[in-house]
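Please treat every number below as a calculation from the coordinates, not as lab data. These numbers were taken from a predicted model, which means no experiment stands behind them. As a convention, Cβ positions derive from the backbone with ideal geometry for all residues, glycine included, and neighbour counts pool all protein chains shown.
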Amino acid sequence: MKKFILLVLAIFLTGSIILNASTKVKIYGQSALIWRGYVSTNKPTITPSITYKNKGFQAEFWSAVASDGSYHEFDFILAYQYKNFKISLFDYYLPKNGLENKFFYFQSKPDMRHDIELAVEYKISDKFPLTIMAGNVFLGDYNANSVPNCEERYSTYLELNYPFVTDFCKYKVALGGTPYEGAYADKAQIVNATVEAQNTIQFEKFTIPWKLSLIYSTYSEDLYFVGGLGIQF
């Protein structure tokens with residue numbers, strides 16, 4: 001797997017030089033990893049990534065490692081944006097501690113560690129930049145309680161987010177939920193309410209991005225404050 005990852009990264013870096021595209025490498029640390037109102041880990045987490053962009057096309061490798069080794073994640077994302085529409089394909093690789101994990105294994109449902117999601121976003125306009133997002137996990141989202149049948153749940157997440165900018169930083173307000181029982185909740189439910197502030201400190205050859213997020217999970221009724229700081233080349 002390591003050889004494969006290095007090969008793909010080498011292709012992206014070479015392609016960015018040949019096509020005059022953009023490749024960015026970021027190493028980011030944050031106090032916890034909260035995803036769509038769900039606590040992936042409450043431990044400090046390192047999230048390195050590499051992103052390749054060429055016109056409307058984007059490919060990204062993203063990973064997360066908890067400070068105590070209790071959580072690992074490796075994602076591959078393909079996206080294409082045309083005007084105000086964006087379509088993305090996410091491959092979430094979620095290995096489980098204490099069990100056998102195979103990165104290239106897509107056959108037996110109980111042993112598969114990949115969740116594959118298709119997401120669509122639409123921004124209303126530049127003057128009113130409200131973005132509507134819908135994502136559905138169409139492969140790998142198995143109900144653990146249904147073993148050995150391993151019924152797929154096809155979990156769906158819907159979100160509205162509105163960004164705005166001040167002289168100090170960029171802000172985003174988001175509200176998300178699920179229309180039925182699945183990975184996010186056991187019923188139709190608003191699961192994520194987030195207020196986020198972020199900005200970057202510019203240097204000649206790199207930037208320092210930072211982010212502060214206040215996240216309320218209306219499903220678990222928990223409030224989280226997450227801070228993050230990184231370096232990007």
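Data for the structure
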{"quantity": "Label-point separation in nm, Ile201 to Phe233, each point 7 Å along Cα→Cβ", "calculated": "1.9 nm"}
{"quantity": "Relative exposure of Lys102, Lys211, Lys187, judged by other C-beta atoms within 10 Å (fewest first)", "calculated": "Lys187, Lys102, Lys211"}
{"quantity": "From phi via Karplus (6.51, -1.76, 1.60), per-residue ³J(HN,Hα) for the stretch 43-51 in Hz, x at Gly/Pro", "calculated": "8, x, 9, 9, 10, x, 7, 9, 10"}
{"quantity": "The stretch 165-181-the stretch 205-223 distance, computed between alpha-carbon centres (Å)", "calculated": "10 Å"}
{"quantity": "Segment Phe128-Val25, length gained on full extension (0.36 nm per residue, minus Cα span)", "calculated": "34.0 nm"}
{"quantity": "Unsatisfied cross-links (Cα-Cα over 30 Å) in the set Lys43/Lys102; Lys55/Lys205; Lys43/Lys127", "calculated": "Lys43/Lys127"}
{"quantity": "Matching label, Rg and Dmax of the Cα atoms in Å computed from the structure shown, candidates [x] 21.5, 73; [y] 17.1, 52; [z] 18.3, 56", "calculated": "[z]"}
{"quantity": "J(HN,Hα) series, the stretch 123-132, from Karplus relation 6.51 cos²θ - 1.76 cosθ + 1.60, nearest Hz, glycine and proline x", "calculated": "9, 4, 6, 5, 6, 10, x, 5, 10, 10"}
{"quantity": "Counted charge near Pro163, where neighbours are those whose Cβ lies closer than 12 Å (Asp, Glu -1; Lys, Arg +1)", "calculated": "+1"}
